[in-house]
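For reference, the structure is listed below as C-alpha cells.
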Amino acid sequence: MAGLVRPVLAANWKMNLGPSAATTFFEAYLARYAPRDDRTVILFPSAIALAAARASARARPDLRFGVQNIHSAEKGAFTGETSAAMASDAGARFVLVGHSERRHVFGETDAQTAEKVRRAAAHGLVAVLCVGEKIEEREQGQTDAVVIRQLRAALAGLEPSAIAEVVVAYEPVWAIGTGRTATPEDASAAHQAIRSELRALGGAASDAIPILYGGSVTASNAAALLAAPGVDGLLVGGASLDPESWAAISNA
Ligand code: 13P
C-alpha cells in the first residue's frame, strides 16, 4: 500500500485482550514506544476491543488500527459477523484477510478470501492478505507454488491500482505459534517469490506493497528478520500481547 513507511510492524492479538486488558496494555506500551516517522505500527485487536484500544491511544495518531476479519457480504443475516462497513465505521483502516487460522481452522477458501479483499477495498479498508504453506507443502518443495496460488486467487482480475493498495503477509503455517521461526533466508526466498508474482499480477505499481513476515516473531529475532532482503515488516501474534515485548519489536 502506498504511503506506508517501512518497516511495517503489525500486532495480531487474535482472541486475546478484551477492552479492559487493551486499556492496560496501552498504558504500558505508550510509555515504551514514542512516535517514530521511520516505521508504521498497526494493531489488530479483537473487534470488541477496538473502541477501547483506539480510545486508549487517542493521543497517538501515529498508531494505526485494523480488525482481524470481516464477512464477505455487504450486510445481512450473518449472526456474529462484522461487515467491512461496520469495521470502517468503528475506526479500522486495515483488515487481515486469509489468515492461516481463518483458512485452516475456519475452513475459508481462496474464493472467500478473494471476496473479502474486494469487500475491504469497497469500504476503503486496506486488506493485509496473508499467505503461507503448510509443513507438508514445504517438505514437498511446494512453498512457492502455494503462495503464488493464494496470491492469484485473491488478486487476479483486480486492476493494478487496486492490487497496489493491499499489504501482503507471508506466514508459513508451520511457524505460527510454534516457536519455529523461519530463518531469514527462508523468509527472503518466499518474499522474493511473492514479489515477483505481485509484479506479474500488478505491474510496477505493486512495488508499493509491503510484504511482511509472520510466524513466531519475538523481540529477539525481529531485527534479524527485518534485515533479511525483501522483508518489509513483521506480523506478530504472541509476542505482541505483552507491551514490553511489543514495544521492543516496534522499536526494532
Ligand atoms: P505468532 O507470532 O504467535 O507465531 O503468530 C503469528 C501470526 O499468526 C500473526 O498473524
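From the phi angles alone, apply the Karplus equation (6.51, -1.76, 1.60; θ = phi - 60°) to region 24-36 and give each ³J(HN,Hα) in whole Hz, x where the residue is Gly or Pro. Karplus values, whole Hz, x for Gly and Pro: 4, 4, 5, 4, 7, 5, 4, 6, 9, 10, 7, x, 9.
Its Cα centre serving as origin, region 88-241 has a Cβ charge dipole (Lys and Arg +1, Asp and Glu -1) of approximately 220 debye.
Model label sites at E185 and E27, defined 7 Å from Cα along the beta-carbon direction, differ in position by 4.7 nm. Its DSSP H runs of at least 4 residues, each contributing -39,500 (n - 2.57), put the calculated 222 nm mean residue ellipticity of the chain at -11000 deg cm²/dmol, to the nearest 500. Taking the 1.4 Å solvent-accessible surface of region 140-193 as the whole, the part contributed by carbon and sulfur is 50%.
Any idea what the dipole of region 17-112 comes to, in debye rounded to 20, about its Cα centre with Lys/Arg Cβ at +1 and Asp/Glu Cβ at -1?
Working: 11 positive and 10 negative charges, 63 e Å.
Roughly 300 debye, rounded to the nearest 20.
Evaluated over the Cα positions of the chain, the convex hull gives a direction-averaged projected area, one quarter of its surface, of 12.2 nm².
For the chain, a Gaussian network of Cα nodes joined below 10 Å ranks R32, R93, R180 by mean-square fluctuation, and the top entry is R180. Calculate I(q)/I(0) for region 88-168 by the Debye formula, one identical point scatterer on each C-alpha and no solvent, and give its log10 at q = 0.12, 0.17, 0.22 Å⁻¹ to two decimals. Once normalised to I(0) and log-transformed, intensities are -0.35, -0.66, -1.02. The length gained by stretching the chain between A223 and T79 to full extension, at 0.36 nm per residue less their Cα-Cα distance, is 47.7 nm. Here region 7-110 exposes an accessible surface that is 56 percent carbon and sulfur, computed with a 1.4 Å probe and the other protein chains kept in place. Electrostatic tally near R195: other residues with Cβ closer than 11 Å to its Cβ, Lys and Arg +1, Asp and Glu -1, net -2. Backbone amide hydrogens, once placed in the peptide plane, bring W13 within less than 5 Å of F44, excluding anything fewer than 5 places away on its chain.
A cut-off of 5 Å between modelled amide H atoms, ignoring neighbours fewer than 5 places along the same chain, links T40 with V8, L9.
For the chain, the solvent-accessible area with a 1.4 angstrom probe is 42 square angstrom per residue. Quick one: check the C-alpha center-to-center distance for region 25-71 versus region 175-252, whole angstrom. One Cα centre to the other: 19 Å.
Taking a straight Cα-Cα cut-off under 17 Å and skipping sequence neighbours fewer than 8 places away in the same chain, the aspartates and glutamates within cross-link reach of K134 are E101, E108, D110, D144, E171, D186. Normalised Debye scattering of region 25-99 at q = 0.19 Å⁻¹ gives log10 I(q)/I(0) of -0.80, counting only Cα atoms as equal scatterers and leaving out solvent. Along the charge dipole of region 145-246, which of G203, A182, A228 sits closest to the positive end, that is, farthest toward it, with unit charges on the beta carbon of Lys, Arg, Asp and Glu (+1, +1, -1, -1)? Ranked along the dipole, the leading option is G203.
Along region 226-241 the Karplus relation, 6.51 cos²θ - 1.76 cosθ + 1.60 evaluated at θ = phi - 60°, assigns HN-Hα couplings of 5, 7, 5, x, x, 8, 9, x, 9, 10, 10, x, x, 6, 8, 7 Hz to successive residues, with x for each Gly and Pro. Between R58 and A204, the FRET efficiency estimated from the beta carbon spacing at R0 = 41 angstrom works out to 0.60. Taken one residue at a time, the phi angles of region 141-147 give Karplus couplings (6.51, -1.76, 1.60, θ = phi - 60°) of x, 9, 3, 5, 4, 5, 5 Hz. Gly and Pro are set to x.
The values are calculated or read from the model by the stated rules, or taken from the named source; none is laboratory data. Quick caveat, the model's predicted, so the values are computed rather than measured. Positions of Cβ are generated from backbone atoms using ideal geometry, with glycine treated the same way; all protein chains shown enter the neighbour counts. What goes into the accessible areas is simple: the full protein's heavy atoms, side chains included, and nothing from ligands, DNA or RNA. Shrake-Rupley method; radii C 1.70, N 1.55, O 1.52, S 1.80 Å.
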